[in-house]
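Working notes, beginning with the structure itself.
The values are calculated or read from the model by the stated rules, or taken from the named source; none is laboratory data. What you see is a predicted model, and the numbers here were worked out from it, not measured in a lab. Reconstructed Cβ throughout: ideal geometry from the backbone, glycine too, with neighbour counts over all protein chains shown.
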Amino acid sequence: MAISRALGRYRNYVHEIILTSPMGVVPRELELVYPAAHYDVTVTGVWDLEERKWVSDCLRDYLKGHNFKRILAHVEGPYVEVCKQTGIDMVFTSKGRITSDDSLASLVENIRMAAGELSTKPRSTRESMLDMIRGMADYGFGAGKGRLLVPENGIVRGKFPRFVLFDGNEQLCSISPDFGSLSLTLEGAKRMKLSPDYMVEIGDFVPKGSILAPGVIGANLQIRPGDELRHVEKL
């Protein structure tokens with residue numbers, strides 16, 4: 001939150017990723033999904049060599065998989081070594097503790113200079129929110145599903161983190177922070193053309209909302225806890 005407040009409008013100029021162990025690389029768009037938002041691991045501050053190499057490899061692979069024009073590393077402690085081990089050129093912006101006034105001022109100034117030098121155009125807040133939901137859909141349901149679910153003229157309503165996506169007056173999905181996933185409407189599921197591997201068969205009744213376990217009489221074996229499902233009514 002301290003970094004977000006300091007960046008202000010400059011957040012719309014950058015793609016943020018979060019480095020952490022044991023998660024590795026978490027794009028900001030996925031900070032609300034399971035397990036990134038739900039793990040509870042004791043942090044000692046001491047990283048062994050294997051852990052540092054693994055996180056560094058995750059970061060290197062991610063950065064090489066995207067065409068970033070400039071990379072700013074706002075990190076401290078073991079994360080500095082993790083970033084350096086990638087062998088990728090980065091500008092280190094921290095002046096010690098990453099949330100100190102000097103560090104935050106350095107981060108903002110480096111983003112401002114990079115945006116000017118690269119003629120970067122900022123995304124609007126609406127575009128950023130639509131990108132977040134697209135990213136969550138790709139992560140949860142498979143690459144490309146976000147484009148099917150989220151229209152270019154989509155509307156996002158609600159307050160963080162319980163955002164709701166609409167296409168005009170048609171609700172498509174909402175973010176469920178308790179489960180770390182997107183909660184789909186029937187229309188949203190139809191648009192994504194979800195695989196038949198994620199369907200359940202229900203009894204002889206017309207559902208009024210989410211279906212509870214007693215109403216399910218059959219389910220595909222590939223379904224995992226937390227998956228979003230479509231139902232097939234028994235005829």
Subset of the stretch 107-141 [among the small types (Gly, Ala, Ser) and in contact (Cβ under 8 Å) with a residue 40 or more places away in the chain]: Ala114, Ala115, Ser124, Ser128, Gly135, Ala137, Gly140
Residue that is farthest from the chain's Cα centre (by Cα) [pool: residues in the stretch 138-163 that are surrounded by 14 or more Cβ atoms within 10 Å (Cβ to Cβ) and part of a strand (DSSP E or B)]: Ile155
Residue match in the stretch 45-52 (condition: in contact with a Leu (Cβ under 6 Å, 6 or more places away or on another chain) and farther than 22 Å from Met113 by Cβ): no
Any chance Thr120 is among the hydroxyl-bearing types (Ser, Thr, Tyr), closer than 26 Å to Met1 by Cα and at pLDDT below 95: yes
Selected residue (criterion: farthest from the chain's Cα centre (by Cα)) from residues of the stretch 118-137 that are closer than 30 Å to Leu165 by Cα and hydroxyl-bearing (Ser, Thr, Tyr): Thr120
Matching residues in the stretch 183-225 - criterion: being closer than 28 Å to Arg134 by Cα, of a type in the set (A, V, I, L, M, F, W, C) and in contact with a helix residue (DSSP H, G or I) (Cβ under 8 Å, 6 or more places away or on another chain): Leu184, Met192, Leu194, Ile223
Complete set of residues in the stretch 3-27 that are under 16 Å from Met129 (Cβ atoms) and out of contact with any helix residue (DSSP H, G or I) (no Cβ under 8 Å at 6 or more places or on another chain): Arg9
Criterion (surrounded by 15 or more Cβ atoms within 10 Å (Cβ to Cβ) and closer than 27 Å to Phe160 by Cα) met by exactly one of Leu107, Leu63, Leu59: Leu107
Scan of the stretch 70-117 for residues that are under 23 Å from the mean Cα position of the chain (by Cα), over 19 Å from Ser4 (Cβ atoms) and among the polar types (S, T, N, Q), ordered by number: Thr86
Some residue of the stretch 57-68 being within 23 Å of Glu117 (Cβ to Cβ) and not in a loop (DSSP other than H, G, I, E, B): yes
Residue match in the stretch 107-125 (condition: small (Gly, Ala, Ser), over 23 Å from Trp47 (Cα atoms) and touching a Ser or Thr at 6+ places or on another chain (Cβ under 9 Å)): yes
Residues located in the stretch 76-94, provided they are assigned to a loop (DSSP other than H, G, I, E, B) and modelled with pLDDT of 95 or more: Gln85, Thr86, Gly87, Ile88, Asp89, Met90, Thr93, Ser94
Test for Ser4: is it outside any strand (DSSP E or B) and without any contact (Cβ under 8 Å) to a residue 12 or more places away in the chain: yes
Selected residue (only one of Asp167, Asp197, Asp204, Asp227 is without any contact (Cβ under 8 Å) to a residue 24 or more places away in the chain and among the acidic types (Asp, Glu)): Asp167
